[in-house]
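Please read the structure below before turning to the comments.
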Amino acid sequence: MANVVELKVGLHCDECIKKILKAIKKIEDIETYNVDTQLNKVIVTGNVTTEEVIRVIQKIGKTASTWEETKLSVDHQSSIINTIKL
């Protein structure tokens, strides 16, 4: 069964996108991959793990995190802002 890995990745320019796509294409057992430049999101489907895709992206010098980590960070920041407002 295929896993779907969704990551937040810094996509700053066309060169960044090309590097990320080139690295992802080399991962064994991927079925599909997609880059959403508006959301800075990379989606990989296949027999891969989140950790494996993050490791490949980090190997080329880019940062990657899961959407859950990003959401937690935003929620934490909102919590801090709400605390300051009180």
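Odds and ends about this structure:
- Cα-projected label distance for D29 with I17, points at 7 Å along beta-carbon direction, nm: 3.0
- In range of the label at T66: residues from the range 4-40 whose backbone nitrogen is under 18 Å from the point 7 Å along Cα→Cβ: 4-10
A short reminder: the numbers here are calculations on the coordinates, not readings from a lab. Here the structure is a predicted model, which is why all the values come from computation and not from measurement. All Cβ positions, even for glycine, are placed from backbone atoms using ideal geometry, and neighbour counts span all protein chains on display.
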